[in-house]
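A quick write-up on the structure given underneath.
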Amino acid sequence: MSDVVEKTLTALPSLLSLDSQPGSAKLSSTSKLGNLIRGITELTSKHEEEKLIQRELVAIKEQVSSPNTTMRQMKELMVRAIYCEMLGYEASFSYIHAIKLAQQGTVLEKRVGYLAVSLFLNESHELLLLLVNTVLKDLQSTNLIEVCMALTVVSQIFPKDMIPAILPLVEEKLNHPKEIIRRKAVLALYKFYLIAPNQVQHIHNKFRKALCDKDPGVMTASLHIYLQMIQENPEGYKDLTPSFVTILKQVVGGKLPMDFNYHSVPAPWLQIQLLRILSLLGKNDQSTSEIMYEVLDESLRRAEMNHNITYAILYECVKCIYTIYPKSDLLEKAAKCIGNFVLSPKINLKYLGLRALTYVVQQDPKLALQHQMTIIECLDHPDLIIKRETLELLFRITNGQNVTVIVEKMLDFLRISKDDHTTIDLVGKVAELAEKYSPNNEWFIETMNTVFSLGGDTMQADITNNFLKLLSEGFDSVEEDRKLRLFAVDSYVSLLRGEPGKLPQRFLQVISWVLGEYSHLKEDLEAATVLGLLAGLLDMRSSSSETKSWVLMAMTKLCEGGADVSAAQEVCEAYGGSMDTVLRQRAQELQHLSQDSELRAKVLPRGASLELVEVDSSLSFLDGFVSEALAAGAAPYKPPHQRQEELARAKAPSLEPYGLSLPISMSSCSIADRQSPTLLSVSSGVSGDSADLSHKGGSTALKLEGVKRVWGRDGYLAQKEAAEEAAQVEVPSPLRSPGRQGQGDGSHSQTPTPTPTPESEQEKQQLASSLFVGLASQSSVCLMGKSDATSQRFRRKDKGRSTPSSNCEQESDSPASPPSTVDHLLCDSLLDADVNSKSMVSSPEETPPLPQGRAANANGTCDPEADLTDIDIKGTPPDLTGESLAAAADPASPEEPDRPKDRRLASHLPAELSGLPHSEITVLCSNQSVDLSACHVQKEDSLEFVVFITNSSDSAIKQTLMRVDSEHLEVSEVCDSPVEEVGGHSVAVFQYSLTVKRPEVHVELSGSFSYRCPAGTPQELRLSHRLPLTSFIRPLAVSTEEYGTMWLAFANDTKQNLTLIQRDGEEALAATLNVLKEKLQLHVVEIIGMEGIVACRLLRDQPCLMHCRVHAGALAVWLRSPVPELPDCLMYHCQRALH
């Protein structure tokens, strides 16, 4: 027997390898793929791997192209091609062969073909059209395996446009006798609902049939669809609550087969899904919630097992109990469960308890009091994630009495944090707390100084914008405005006299702006002193070009003649010839305005930083001068591309579009050069007229590959890098006011003591009394996220405040929020990305008092009128440079999750828009009974503007009339029947289709909504809304040949040098174009070496082409379009996207 085994093992290698003889059909996947894997693991460098994979791909390509390759061999080749693609090497030649294998092979070969197609192609790939007929044929097959494979592919990748072709066949499979077919059919319909919900609306009743299927797998698959639909419209599925409760009872009771158990827990993921659905259905609904109480109690009781999956079920139970209408018994059990989590010595459970406590603390602040000492200990926990979650909890319980202690704890954590994401998040929270609960001006300025110092240049730009806007707009008290500005000036002058080189660039920009605007308020501070301090910032090597432009602008505001002129003249001489066009422009402005005080007073009047100035980017005011010059015989203007073509014809042919020394046209500077320094994108190292000598030098060009660059325009780079490293190592101490400069700083090192001493226990008790002050008396203290009529110190001026007689009308651009406004952070900060039921706060009069000391708003509802966020925070920032020549720019709004009110309004979107991406729903205007909100929805051929009219009163409003108009847009109303009446506590929707008539950087919509109140008095609300031009940009798919033809036909163009994006493992040009593609919806036609061509269109059908080239460390961009204004506007948004 041993001889037989030995002979068999000896013969296996030859049987498992490909015979070298011609025509042989023997191929073993184990041998070929195994050899490839072993060969890769034995390599020592990436270069060797690339060579090996390229040889493998060449061999695969040769074999798949051979007519003698059988389907069995093709199956093995596809497996090897899949492995090469998994390693990141393109095997596009095999895509078509994968489709052929899925079409022509046997069952096993079709399986590999379908697998390869699902891994190779995406939903928008053009080759997927060749698979449609194959899927149709397999769906009608009598072979269950083929039907399953077809349904699996449909669930993964299938063209959206081809859904109607196969939808009837998939519907039929819902009645198939085999449960696996029904389950896969339900999952396919779930995929259809996600990508095209309108196409499956007619089969919602069949979803209900799937929910009642006798097979638990089919029922479980249907819950995915119901969770999605209930999130969008919970009111439409209230009648299914008993069904979901019954299913959960059966699951908890162990009625499902043992196959669904996980560690003896019956179907845990099914329980979690059902609990999320129940929390959505029971929110704000007492009758629906009462149906759930029994099963929730049972779920809590049965989930008391020591296993991670049961902890997940308990966490979802707690969130569900605190989301639905409250019941005291359940609340007590949920609070006990949270306490067990928080007190657990296991880090994961403690983190889960802190998350749950953060979720429910707004409804039950006393729950935090029960665990205050544990929370104090978590502040010194060695795990940074525990610390961060504890700070999130403290942020939620912040009020006017404990703000100083909590902010100090957050700043302590910031000083030791090395994570940029954590720093950005905490800096935003500290800034918001400082503005909302600041006890005095001195504390506010000191705190913001520390925020700017610790946050550095990684913090969000809107924090800076909001701070400067707060200073410039002022508050209700003129005297308070003056004191705040004076203290800021004193603080910043003191900082500049210290060590400004350690301050971040963004902080220096803030200092420059404040001193330029308000240093004149301090009578004993001479302008020459401030100019000297600002000039010192210009001499620092660490100052960036952007910071220098802020400084020059501040100096322009301060020059008043006399000695100031001589100081300004020195600066102008130093920067008048700068290679940076922005600095050169600022130096010229400083030179001219410092010598002409009258002109300076007109251009830069004091106190006019908030005045909006319209900028004529087309320079139409020069039309008369141009006409006269042409009549006198002057030569007409020639665009740069025309001059370049003429020069190219006169000289030898040139293939370098940026090689000629042409100045940047005025059109290219008309927008960017008028913006604040934060939006400047002209590279300081490259000017628009620089020639690329490296491409023209031939063999005589100096080769610098591999040579370290140590000299630059700012001097010796090695010294600069060393200085930057030293600045990073030495973190500046907390910045204090001038009166506190001499006081020493306490140590902020966090070294937990292993054995608590009586002294440390006493300190913790004192800290707890400071942190949790005010939580016991909920009626008198408002927490962060609740409406607060009195505690906010810095209340913006109400520019649109109406009189009592006309309180129904309110301008939409008013930055003031009503006294009952709910802080937007609670609605926007989600504790769990997977759970869409958020904890909100209702007004006390909406819910009756609850026992056990519960808050009156314990059901977690959010009052419709209290959901408005502070429009001023989200609105347009001030003109941060103070330059009256430029319009203020919008801050980049941080991405934030949908709020519950957003989801409620989104459920009212028209059916044809419900599956399309839409913007955040923002409030346009409101009064005591009516709220106007809006969002825009992107369609392929238009932009849909949707206005939601929310009537929060008990009575209907009649004779409604909505008017929307725009100077730059073509507005057409999409309406089946006019809305003439809006019932009480209901929502009406107006839809408008928008296309661009004349491009602008931002386009304005204005209008009004008029109606008649129940009392008979007519009312009117005025609204305005601003949209970026990028909302109207769509990709333009053209070939390289079509691109070339269009390029020669377009006459309007602009050029600019933009910043290159650097990413690890990706070429700079490809990374930059990918950013533009993602943010602006551009289509990258082709990338050839160091050049790329991009195309897009402006709705409707107004094309714009982009040619870009990497040149001297920057991206030289050339835009062309038949629309005169479009290149300039698109160039502006390209700068913003890459900034």
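Some observations on this one:
- The set of residues in the stretch 62-83 that are assigned to a helix (DSSP H, G or I) and exposed (fewer than 12 other Cβ atoms within 10 Å of the Cβ) contains only GLU62.
- Filtered by the rule that a residue be open to solvent by 30 Å² or more (accessible area, probe 1.4 Å), over 19 Å from GLU589 (Cα atoms) and among the hydroxyl-bearing types (Ser, Thr, Tyr), the stretch 528-557 gives THR529, SER542, SER544.
- Contact map, the stretch 322-348: first residue part of a loop (DSSP other than H, G, I, E, B), second residue modelled with pLDDT of 85 or more and open to solvent by 10 Å² or more (accessible area, probe 1.4 Å), Cβ cut-off under 7 Å, separation 6 or more or different chains; pairs are ILE324/LYS283; TYR325/ASP285; TYR325/GLN286; LYS327/TYR293; SER344/LYS350.
- Of the residues making up the stretch 958-971, one or more are at pLDDT below 85 and not in a loop (DSSP other than H, G, I, E, B).
- Residue selected from the stretch 259-299 under the condition in contact with a strand residue (DSSP E or B) (Cβ under 9 Å, 6 or more places away or on another chain) and in a helix (DSSP H, G or I), by the criterion surrounded by the fewest Cβ atoms within 10 Å (Cβ to Cβ): TRP269
Quick grid of which residues meet (1) within 18 Å of CYS378 (Cα to Cα); (2) open to solvent by 10 Å² or more (accessible area, probe 1.4 Å); (3) part of a loop (DSSP other than H, G, I, E, B); (4) in contact (Cβ under 8 Å) with a residue 60 or more places away in the chain:
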{"site": "PHE395", "(1), (2), (3), (4)": "yes, no, no, yes"}
{"site": "ILE424", "(1), (2), (3), (4)": "no, yes, no, no"}
{"site": "GLU432", "(1), (2), (3), (4)": "no, yes, no, yes"}
{"site": "GLU442", "(1), (2), (3), (4)": "no, yes, no, yes"}
{"site": "LEU454", "(1), (2), (3), (4)": "no, yes, no, yes"}
{"site": "ASP462", "(1), (2), (3), (4)": "no, yes, no, yes"}
{"site": "LEU484", "(1), (2), (3), (4)": "no, no, no, no"}
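- Selection of the stretch 138-172 for residues being outside any helix (DSSP H, G or I) and free of Cβ contacts under 8 Å to residues at least 12 places away in the same chain yields SER141, THR142.
- Selection from the stretch 515-526 of residues that are in a helix (DSSP H, G or I) and open to solvent by 40 Å² or more (accessible area, probe 1.4 Å): HIS520, LEU521
- THR246 among the β-branched types (Val, Ile, Thr) and under 36 Å from the mean Cα position of the chain (by Cα): no
- Condition broken by LYS350, with the remaining ones in (1) under 24 Å from LEU274 (Cα atoms); (2) surrounded by 21 or more Cβ atoms within 10 Å (Cβ to Cβ); (3) modelled with pLDDT of 85 or more satisfied: (1)
- The number of residues in the stretch 1049-1092 that are open to solvent by less than 50 Å² (accessible area, probe 1.4 Å), of a type in the set (Val, Ile, Thr) and farther than 17 Å from LEU1126 by Cα comes to 5.
- Assessment of the stretch 496-514 against the conditions (over 30 Å from the mean Cα position of the chain (by Cα), hydroxyl-bearing (Ser, Thr, Tyr) and outside any loop (DSSP other than H, G, I, E, B)) yields no matching residue.
- Failed item, numbered, when MET1046 is tested on (1) open to solvent by 30 Å² or more (accessible area, probe 1.4 Å); (2) in a strand (DSSP E or B); (3) of a type outside the set (Ser, Thr, Tyr): (2)
- Close pairs (6 angstrom Cβ cut-off, 6 or more residues apart or separate chains): in contact (Cβ under 8 Å) with a residue 24 or more places away in the chain in the stretch 240-254, part of a helix (DSSP H, G or I) and not aliphatic (A, V, I, L, M) anywhere: THR241/THR288; VAL252/GLU298; VAL252/SER299; VAL252/ARG302
- Members of the stretch 379-388 that are open to solvent by less than 20 Å² (accessible area, probe 1.4 Å) and at pLDDT 85 or above: ILE386, LYS387
- LEU538 fulfils the conditions (1) closer than 25 Å to LEU503 by Cβ; (2) in contact (Cβ under 8 Å) with a residue 24 or more places away in the chain; (3) more than 37 Å from the chain's Cα centre (by Cα) except for a single criterion, (3).
- Residue satisfying all of: in the stretch 582-596; surrounded by fewer than 22 Cβ atoms within 10 Å (Cβ to Cβ) and in contact (Cβ under 8 Å) with a residue 12 or more places away in the chain; nearest to SER544 (Cα to Cα) among these: GLN585
- Scan of the stretch 176-216 for residues that are part of a helix (DSSP H, G or I), open to solvent by 10 Å² or more (accessible area, probe 1.4 Å), of a type outside the set (D, E, K, R) and closer than 20 Å to MET149 by Cβ, ordered by number: ILE180, LEU187, TYR190
- Looking only at the stretch 920-933, and only at residues there that are part of a loop (DSSP other than H, G, I, E, B) and modelled with pLDDT of 85 or more, the one that is nearest to ASP954 (Cα to Cα): ILE921
- Long-range neighbours under 6 Å by Cβ, at least six apart or interchain, first residue touching a residue at least 40 places away in the same chain (Cβ under 8 Å) within the stretch 999-1011, second open to solvent by 20 Å² or more (accessible area, probe 1.4 Å) and not in a strand (DSSP E or B): PRO999/GLU1125; GLU1000/HIS968
- The stretch 84-128: number of residues that are part of a helix (DSSP H, G or I), open to solvent by less than 10 Å² (accessible area, probe 1.4 Å) and among the small types (Gly, Ala, Ser): 5
- Tally, over the stretch 399-421, of residues that are open to solvent by less than 60 Å² (accessible area, probe 1.4 Å) and at pLDDT below 85: 4
- Residue in the stretch 446-464 that is of a type in the set (Phe, Trp, Tyr) and over 30 Å from ILE386 (Cβ atoms) present: no
- Test: residue in the stretch 353-373 that is modelled with pLDDT of 85 or more and open to solvent by 20 Å² or more (accessible area, probe 1.4 Å): yes
- Members of the stretch 217-239 that are free of Cβ contacts under 8 Å to residues at least 12 places away in the same chain and open to solvent by less than 40 Å² (accessible area, probe 1.4 Å): GLY236
- Contact map, the stretch 1050-1071: residues that are more than 18 Å from GLN1135 (Cβ to Cβ) paired with residues that are open to solvent by 30 Å² or more (accessible area, probe 1.4 Å) and assigned to a loop (DSSP other than H, G, I, E, B), Cβ distance under 6 Å, separation 6+ or inter-chain. Pairs shown: PHE1050/PRO1122; ASN1052/PRO1124.
- Only one of the numbered conditions (1) part of a helix (DSSP H, G or I); (2) open to solvent by less than 20 Å² (accessible area, probe 1.4 Å) is not met by GLU570, and that is (2).
- Any hit, the stretch 52-61, residues being small (Gly, Ala, Ser), open to solvent by less than 90 Å² (accessible area, probe 1.4 Å), at pLDDT 85 or above and assigned to a helix (DSSP H, G or I): yes
The values are calculated or read from the model by the stated rules, or taken from the named source; none is laboratory data. Every value quoted in this text rests on a predicted model; they were computed, and no experiment measured them. Every residue, glycine among them, receives a Cβ derived from its backbone with ideal geometry; neighbour counts consider all protein chains shown. Each accessible area value is taken on the protein alone, full model and side chains, heavy atoms only, with ligands, DNA and RNA left out. Shrake-Rupley method; radii C 1.70, N 1.55, O 1.52, S 1.80 Å.
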